[in-house]
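Remarks on the structure that follows.
The values are calculated or read from the model by the stated rules, or taken from the named source; none is laboratory data. Just so you know, these numbers come straight off a predicted model, no measurement behind them. Cβ: placed from backbone, ideal geometry, glycine included. Neighbour counts: every protein chain shown.
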Amino acid sequence: MSSSLSVRIRGDSFRLKMKRILITGASRGIGRAIAEKLAAPDVTLLLHGRDTVALAEACKAVQSQCAGVVKLIHDLATAKGVSNLISQVGTDPLDVLINNAGIAVVKPFREVTSDEWNQTLGVNVTAPFLLMQRFAGQMPPGSSIVNILSIAAKTGFSGWSAYCMSKFALEGFSQSVREELREHRIRMINIYPAATNTEIWDDVAGNWPRDKMIAPEEVASAVAYALSQSANVAVDNITLSNAAGNL
Ligand SMILES: NC(=O)c1ccc[n+]([C@@H]2O[C@H](COP(=O)([O-])OP(=O)(O)OC[C@H]3O[C@@H](n4cnc5c(N)ncnc54)[C@H](OP(=O)(O)O)[C@@H]3O)[C@@H](O)[C@H]2O)c1
């Protein structure tokens, strides 16, 4: 078991003290909110993004509350970018891997280009696959993989075909990997937020009621809740719906 782990016996259960947490897409939106929520004196946050300015701001916001912050700047749409990220993370075990980075190409399916399709697959599906495959083997019992999926992982929406394709794919993949990892006591926590008020909506055509959307901090709270459970408890799935109904 990792030397970075602090284990306390409570009856017949034990609690994992989180230490090394990798969050992809932490430069803004939900990823940054998760970083701010999980920042703690005994935590090293490995924060990934592409936008150097936004990522620097995210790191600055949490660094005084953490044991350490590592900045990781890589494009996850490419195999090279993912492998560079893996190299930079190194061989020390992760206690939590949070697959959050994502893109949304929103347009009629006849207009989706091959590049957009491949980009969506690369960032939303292939990168989480490669990161799980690389890191799960070193993760100690009681550690967690968190996937920020979407209600679009379970329901199709007009105009969202490429996005739904990617989220359904990660849903099926992660459900299967969850079963493979149970014997290692690694928890697969899937989060399904409805519309959340982040910059991802800036490029989506239409009038979206941003004030009715979930705040990214609420998604972060759900992640923190799941991670705070005893290592014997797996919060497999959390769905966050818009209280006002589908937007
Ligand atoms: N907002 C919603 O309504 C909603 C609802 C359900 C699920 N989600 C999911 O939540 C996750 C976060 O979304 P968000 O709403 O917080 O979006 P966001 O504000 O647009 O942030 C997306 C993050 O992903 C990173 N990213 C995008 N493309 C990348 C690439 N090619 N390589 C590396 N990083 C890349 C961005 O990095 P840079 O900006 O630094 O490039 C950014 O940090 C996504 O998986 C999304 O599908 C969002």
Residues being away from the ligand (no atom under 16 Å from the Cβ) and either modelled with pLDDT under 90 or in a strand (DSSP E or B) (or both) - total across segment 20-50: 2
Residue within segment 60-77 that is of a type in the set (Val, Ile, Thr) and touching a Cys at 6+ places or on another chain (Cβ under 7 Å) present: yes
Qualifying residue in segment 226-244 (condition: without any contact (Cβ under 8 Å) to a residue 24 or more places away in the chain and assigned to a helix (DSSP H, G or I)): no
Leading residue by the ranking (nearest to residue 33 (Cα to Cα)) among those in segment 168-217 that are among the polar types (S, T, N, Q) and assigned to a helix (DSSP H, G or I): 174
Test: residue in segment 143-151 that is more than 20 Å from residue 223 (Cβ to Cβ) and surrounded by fewer than 20 Cβ atoms within 10 Å (Cβ to Cβ): no
Pairs with Cβ under 9 Å, 6+ apart, first in segment 18-40 and over 21 Å from residue 150 (Cα atoms) and free of Cβ contacts under 8 Å to residues at least 40 places away in the same chain, second β-branched (Val, Ile, Thr) and not in a helix (DSSP H, G or I): 39/69
Boolean, residue 101 is within 13 Å of the ligand (Cβ to nearest atom), within 18 Å of residue 178 (Cα to Cα) and at pLDDT 95 or above: no
Residue in segment 173-184 that is of a type in the set (S, T, N, Q) and more than 13 Å from the ligand (Cβ to nearest atom) present: yes
Failed item in (1) exposed (fewer than 13 other Cβ atoms within 10 Å of the Cβ); (2) under 25 Å from residue 27 (Cα atoms); (3) under 18 Å from the mean Cα position of the chain (by Cα), with residue 176 passing the rest: (2)
Hits in segment 66-92 (condition: part of a loop (DSSP other than H, G, I, E, B), more than 15 Å from the ligand (Cβ to nearest atom) and surrounded by fewer than 18 Cβ atoms within 10 Å (Cβ to Cβ)): 67, 90, 91, 92
Selection from segment 67-98 of residues that are touching a residue at least 24 places away in the same chain (Cβ under 8 Å), closer than 24 Å to residue 141 by Cβ and of a type outside the set (A, V, I, L, M): 68, 91, 92, 93, 95
In segment 110-137, the residues that are polar (S, T, N, Q), touching a residue at least 40 places away in the same chain (Cβ under 8 Å) and either in a loop (DSSP other than H, G, I, E, B) or in contact with a Ser or Thr (Cβ under 7 Å, 6 or more places away or on another chain) (or both): 120, 124
